[in-house]
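Asker: Here it is: the structure, laid out below.
The values are calculated or read from the model by the stated rules, or taken from the named source; none is laboratory data. What you see is a predicted model, and the numbers here were worked out from it, not measured in a lab. Note that each Cβ is placed from the backbone with ideal geometry, even for glycine, and that neighbours are counted across all protein chains shown.
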Amino acid sequence: MKRRDFIRKTAPAGIVFPALINGFTFKAYAESPLVSALTQAPTETDHVLVIVQLNGGNDGLNMVIPFDQYDNLANARSNIIIPKNKILKLNGTSFTGLHPSMTGLQKLFNDEKLQIIQSVGYPQPNFSHFRATDIWMTASDSNQTLNSGWAGRYLNEEYSNFPIGYPNSVMPDPLAIQIGSFVSPAMQGPAVNMGMAISDPVNFYNLINGIQGTAPNTRGGKELTYIRQIAQQTQQYGNVIKAAAAKVTKQSSYPTGNSLADQLKIVARLIAGGLKTRIYMVSIGGFDTHSLQVNANATETGNHANLLQRVSEGIKAFMDDLKFLNSEKRVIGMTFSEFGRRIKSNSSGGTDHGAAAPLFVFGHYAQNDVLGASPVIPITTGTSDNIPMQYDFRSVYASILKQWFCVPDTTLENVMLKNFQSLQVIKKTAPCISSNPEIINANAGKNIISNYPNPFQTSTTISYETFGGHALIQVFNTEGKLIKTLVDMEMNAGTHKVTFENEGYLPGVYYARLQNNNIQQIRTMLLVR
Amino acid sequence: MDRRKFIRSLKSEIKANPVVYRTSSGLRKYSPILENAGIHHLLKRTLFGVNKKDIDMLNGKGINEALDLLLTASPEPLPPVNNYNDSNFTDPNVPAGQTWVKAVYDGNANGRRISSFKSWWTGLMLHQETSIHEKMVLFWHNHFATETVDINDARYIYKHNALLRTHALGNFKQLVKEISLDPAMLRYLNGYLNNKNSPDENYARELQELFTLGKGPKSNYTESDVKAAAKVLTGYTVNATTISSSFDPNRHDTSNKQFSSFYKNAVINGQTGTNGALEMDQLLNMIFQQEEVALYICRRLYRFFVYYEIDEATETNVIAPLAQTFRNSNYEIKPVLRALFSSEHFFDPLNRACMIKSPVDFCVGLCREYNILFPIATDYVNQYYMHDYIRTQASNMQQNLGDPPSVAGWSAYYQEPQFHELWINADTLPRRNQFSDIMIGNGYTRNGKKINIDILTFADSLSDPSDPNKLINDSLSIIYSIEVTQSVKDFLKSILLSGQSTDSYWTAAWLTYKSNTGIVVNRTIVLTRLQSMFKYLMNLPEYQLS
């Protein structure tokens, strides 16, 4: 029987399955030639990725604020705009600032441990929380349904027979841990889920301290307690988690009343305790700010400010703790939310579901820059206008896998299912940097894509410069919809031209996006009658 | 580690359980109006799992009417068929799809017939009516335990099972007599070897120790009573062609049989000729005069249907009056069940959700709760395969239908002090989780046929699946017995809502799916979330309780 058939026939169980293998049932498998196939060793690395999910669709425009677009932005969202003088400045950039409540992340940026990636999204954005979340978790195209998650596919490449033969001496620990929820679909592998969940911090402390949840003082309660005791014994990773937690007796301080900080504190403890677990996921909810996003009389305060403060303080405390625990260099983190929010605010002091948004990459080895230009805010905005994407979110995943987990290109295609642009997200001084060609900073002020005439009526000619290799030119409308792919091919270095025809499009702003290896740039085009 | 060592090591790790509330409620009749939770409790204990059809059957019925239905014997099923011809083997005596129960013995077919029998039986449970009948068959199988590996002839095994089935809700004394003459039992406990020259005490011992009197403190039969009973039971033989038993006077011990003071020094006078067979009736009459018989059977029923612990209050308020009912009705089974299942004690909140599901209850119950569809009867090959898969799961969880560990039945029903807790250990609990994970996920596929939980159809059958709160409450009321806290419900909802806090997002997703169920992406959105939630629900320890 093939391995996959075998797994399919035995168990699509995530966490419970290895207990069988490690325990009583393993004998039966030991006779099988399958077990000998387990010896393929995973890539040697002690690197860890921590993914911070912001549930609900975070308003990126009030988090990473473009000074260079401020006036237009203030025009579009006058009731929620953050006062310019309150915006936190960042070293080395005059274009980009942070929400006033994010002093922690400001410090990280200025300490060269934070990267901001502008306008991350995907073509044809979906505005449903559920569907958009699934797209981010599975790394699918907008119109594609995948049954596995991107992190699960990566872990499946690395630990190719999981869960058969796990845990073992090479990988004694969970491959991935989700804290604060059930096992994320991102960790779903092609056949089994590769992750385990610690559904909430209380469970974690109960687990490491051997405490049971409460049960009623009835016969049913007595039996429930008994089954829970057995369940705890069968948590096959319970012991390694306990042992890792026990090695860390002191951590630096974390903010209180901050669920994200609570989760990250556990992650730091497990990392410093020596778990070889590669991926952790934590989450914080409440970003679905349709109304009362800010306090009307002081827009730098309110619900969204509180959420961002938790994110900023949680991540800052986590980084400080990792440094205190001497594990700082092992960890890279990233934030994401299923979508950003509209450019224009609504009349209830909030914002509706949007498209592309900035995200953070943090860590000692995080590339310290603002990647990409500020999103272009038109002078006038409609209620359904969105930020066009500059970077595909899958490029961020692919770049982290390649630069942080040393995943070779061929494997990367199996994981990401396509070839995505590589972005510089990890400092080149990190131990596992790939041999990319020299990075050309697309923010250097040079226009590598332009169009003429602009505005245009029937057609406009786009001129662009490439540096060899694959080039892609896409045209999006202001809602983020992909209107046309004009170029998608390998081409020689040099200057090229392509024509964009008006095929009956509505008048308005269109964005032409050039992508050439790790460079991209967006050109704003105006179609008039 | 062997099982016993394992259990010992486990016990030493388990702290003494705190004293729990006891109940002094007795057999007084429970309120005639059954509330929803009461209906669920009654159904979960008398059936394997509960589904909406069962609940609808009882809705609006009073306790008497409900029990009229539940205590109705199901019609005699069609016998098992040849599902087992394949490229390696064709039964020369039984055409495919025809029954083998009266065919000649065939050493090559026998193993396949035994598997066929087990699949057939599992199927009867999976497709049971809203009646206690199937659970009583399992009760009697555990009580009059036999092992197919010992009997090793599928025809005997089927006949024995049919006997349990016929009398499952009938008269216990009559059942004991039939069991004493049952070819399978005569074979299993060597009754057919018991003769005047070399008495075999095996059946005579178990008849008293396991089948009628038990080993309670007031069951004081002696070793000499075992020997005397063995002499009474000499002379029975089995005809391997007709699968029937008969009495052979030439093998019967015609001496007088002297019993101990426990039996008031009774003597059963030796009879000659065919009259020797009458001694069995005298023996059974003597045994059934002991009050301990009814007490013992009522304790066994109690442990099977209510809870394993029998304290003094329960012995006085429940077991004793039940046993009185049993004797008063001359060992008719139904009046006892009716008294038990209509009692305040049975419906006492302290006796709800405290049964650890047996493996068969767990596996069959899961399939029934979600209305998992099996191949139809005319597709008997695939149908039996699928039944066999369910049977195998329960077997892996340590309850192999037809093959209990010994004549004492499964230890969960007698082994002090853990009883039902023995079902759950570090090996079996992950297997239970694994099974529910498979069924809520891709399911089990064989021969191009698949069984799994159709969670969308299940959700659709609930009162209002578009409301996440109602969806969760309705689901819990069907698949859970124990109440869960609001924080658990909140967590379940967070799965449905992908961590969002707005209920209407689920509502919109569900209604979008319902507006055109053929659109894959909309279907996937609700399907994956429901699967995640139900997977989680069935992995929680609470799901093990009935």
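Asker: Filter region A:418-447 down to the residues that are touching a Ser or Thr at 6+ places or on another chain (Cβ under 8 Å) and modelled with pLDDT of 50 or more and list them by number.
Answerer: Hits for region A:418-447 are A:Phe420, A:Gln421, A:Ser422, A:Leu423, A:Gln424, A:Val425, A:Ile426, A:Cys432.
Asker: Next question, about the same structure. Let me spell it out: the conditions are (1) closer than 21 Å to A:Ala357 by Cβ; (2) assigned to a strand (DSSP E or B), and A:Ile473 meets all of them except one. Which number is the exception?
Answerer: Here A:Ile473 clears every test but (1).
Asker: When you go through (1) outside any loop (DSSP other than H, G, I, E, B); (2) at pLDDT 95 or above one by one for A:Ser36, which number turns out not to apply?
Answerer: All conditions pass for A:Ser36, except number (2).
Asker: Do you know which residues across region A:338-373 are small (Gly, Ala, Ser), surrounded by fewer than 24 Cβ atoms within 10 Å (Cβ to Cβ) and closer than 24 Å to A:Gln106 by Cα?
Answerer: Scanning region A:338-373 gives A:Gly372, A:Ala373.
Asker: Residues that are within 14 Å of chain A (Cβ to nearest Cβ) and at pLDDT 95 or above: list the helices (runs of 4 or more DSSP H) wholly contained in region B:1-79 that include at least 3 such residues.
Answerer: Where helices (runs of 4 or more DSSP H) fall fully within region B:1-79 and carry at least 3 residues being within 14 Å of chain A (Cβ to nearest Cβ) and at pLDDT 95 or above, they are B:36-46.
Asker: Would a scan of region B:331-349 turn up a residue that is over 24 Å from the mean Cα position of the chain (by Cα), in contact (Cβ under 8 Å) with a residue 24 or more places away in the chain and surrounded by fewer than 21 Cβ atoms within 10 Å (Cβ to Cβ)?
Answerer: No, every residue in region B:331-349 fails to be over 24 Å from the mean Cα position of the chain (by Cα), in contact (Cβ under 8 Å) with a residue 24 or more places away in the chain and surrounded by fewer than 21 Cβ atoms within 10 Å (Cβ to Cβ).
Asker: When residues of region A:377-395 are filtered for being outside any helix (DSSP H, G or I) and touching a Phe, Trp or Tyr at 6+ places or on another chain (Cβ under 6 Å), how many remain?
Answerer: Result for region A:377-395: 2.
Asker: Determine if region A:157-170 includes at least one residue that is away from chain B (no Cβ under 14 Å), buried (at least 24 other Cβ atoms within 10 Å of the Cβ), part of a loop (DSSP other than H, G, I, E, B) and touching a strand residue (DSSP E or B) at 6+ places or on another chain (Cβ under 7 Å).
Answerer: Within region A:157-170 (the criterion being away from chain B (no Cβ under 14 Å), buried (at least 24 other Cβ atoms within 10 Å of the Cβ), part of a loop (DSSP other than H, G, I, E, B) and touching a strand residue (DSSP E or B) at 6+ places or on another chain (Cβ under 7 Å)), the answer is no, since none of the residues qualifies.
Asker: In region B:337-365, what residues are in a helix (DSSP H, G or I), out of contact with any Leu (no Cβ under 7 Å at 6 or more places or on another chain) and farther than 28 Å from B:Thr392 by Cβ?
Answerer: B:Glu344, B:Phe347, B:Pro349, B:Leu350, B:Asn351 - these are the residues of region B:337-365 that are in a helix (DSSP H, G or I), out of contact with any Leu (no Cβ under 7 Å at 6 or more places or on another chain) and farther than 28 Å from B:Thr392 by Cβ.
Asker: Condition first: small (Gly, Ala, Ser), at pLDDT 95 or above, closer than 27 Å to A:Pro255 by Cα and part of a helix (DSSP H, G or I). Can you find one or more residues in region A:53-62 that meet it?
Answerer: yes
Asker: Just to be sure I understand the filter: pairs with C-beta atoms under 8 Å, separated by 6 or more residues or on different chains, first member in region B:214-226 and within 19 Å of B:Ile268 (Cβ to Cβ), second member of a type in the set (Lys, Arg). Which pairs pass?
Answerer: B:Val226/B:Arg205
Each row is one residue, and each column tells you yes or no for (1) in contact (Cβ under 8 Å) with a residue 60 or more places away in the chain; (2) polar (S, T, N, Q); (3) at the interface with chain A (Cβ under 9 Å from one of its Cβ atoms); (4) surrounded by fewer than 22 Cβ atoms within 10 Å (Cβ to Cβ).
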site: B:Asp490; (1), (2), (3), (4): no, no, no, yes
site: B:Lys493; (1), (2), (3), (4): no, no, no, yes
site: B:Leu496; (1), (2), (3), (4): no, no, no, no
site: B:Tyr505; (1), (2), (3), (4): no, no, yes, yes
site: B:Ser515; (1), (2), (3), (4): no, yes, no, yes
site: B:Val526; (1), (2), (3), (4): yes, no, yes, no
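Asker: Another question, if that's okay. Please determine, by comparing only the residues of region B:466-486 that are within 9 Å of chain A (Cβ to nearest Cβ) and surrounded by fewer than 21 Cβ atoms within 10 Å (Cβ to Cβ), which one is nearest to A:Leu224 (Cα to Cα).
Answerer: B:Glu483
Asker: Looking only at region B:422-465, count how many residues are crowded, with 23+ Cβ neighbours inside 10 Å, under 30 Å from B:Asp311 (Cα atoms) and facing chain A (nearest Cβ under 7 Å).
Answerer: 1
Asker: Looking at A:Leu90, A:Leu155, A:Leu105, which is the one that is farther than 26 Å from A:Asp59 by Cβ and touching a residue at least 60 places away in the same chain (Cβ under 8 Å)?
Answerer: Only one candidate passes the filter, namely A:Leu155.
Each row is one residue, and each column tells you yes or no for (1) more than 19 Å from the chain's Cα centre (by Cα); (2) free of Cβ contacts under 8 Å to residues at least 12 places away in the same chain.
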position: B:Asp403; (1), (2): no, no
position: B:Tyr444; (1), (2): yes, no
position: B:Ile451; (1), (2): yes, no
position: B:Pro465; (1), (2): yes, no
position: B:Lys470; (1), (2): yes, yes
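Asker: Can you tell me which residue in region A:489-509 is surrounded by the most Cβ atoms within 10 Å (Cβ to Cβ), limited to those that are under 12 Å from A:Ser459 (Cβ atoms) and in contact with a Leu (Cβ under 9 Å, 6 or more places away or on another chain)?
Answerer: Per the stated criteria, the residue is A:Phe500.
Asker: Quick one: would you say B:Ser532 is more than 8 Å from chain A (Cβ to nearest Cβ) and in contact with a helix residue (DSSP H, G or I) (Cβ under 8 Å, 6 or more places away or on another chain)?
Answerer: Judged against the criteria, B:Ser532 is not a match.
Asker: Continuing with the same structure: What are the residues in region B:182-222 that are small (Gly, Ala, Ser) and under 19 Å from B:Leu164 (Cα atoms), if any?
Answerer: If the condition is that a residue be small (Gly, Ala, Ser) and under 19 Å from B:Leu164 (Cα atoms), then B:Ala184, B:Gly191 are the ones that fit.
Asker: Still on this structure, please answer the following. Is it the case that A:Pro358 is of a type outside the set (A, V, I, L, M) and in a loop (DSSP other than H, G, I, E, B)?
Answerer: Against the criterion (of a type outside the set (A, V, I, L, M) and in a loop (DSSP other than H, G, I, E, B)), A:Pro358 does not qualify.
Asker: Can you tell me which residues in region B:496-546 are part of a loop (DSSP other than H, G, I, E, B), in contact with a Ser or Thr (Cβ under 9 Å, 6 or more places away or on another chain) and not hydrophobic (A, V, I, L, M, F, W, C)?
Answerer: Selection gives B:Ser498, B:Gly499, B:Gln500, B:Ser501, B:Ser546.
Asker: Can you find, within region A:108-124, the residue that is nearest to the other protein chains (Cβ to nearest Cβ) among those that are outside any strand (DSSP E or B) and touching a strand residue (DSSP E or B) at 6+ places or on another chain (Cβ under 9 Å)?
Answerer: Once the filter is applied, the top-ranked residue is A:Gln124.
Condition check ((1) more than 17 Å from the chain's Cα centre (by Cα); (2) within 14 Å of chain B (Cβ to nearest Cβ); (3) within 29 Å of A:Pro431 (Cα to Cα)) across all residues:
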position	(1), (2), (3)
A:Val267	no, no, yes
A:Ile271	yes, no, yes
A:Met281	no, yes, yes
A:Asp288	yes, yes, no
A:Leu308	no, no, no
A:Asn326	yes, no, yes
A:Gly350	yes, yes, no
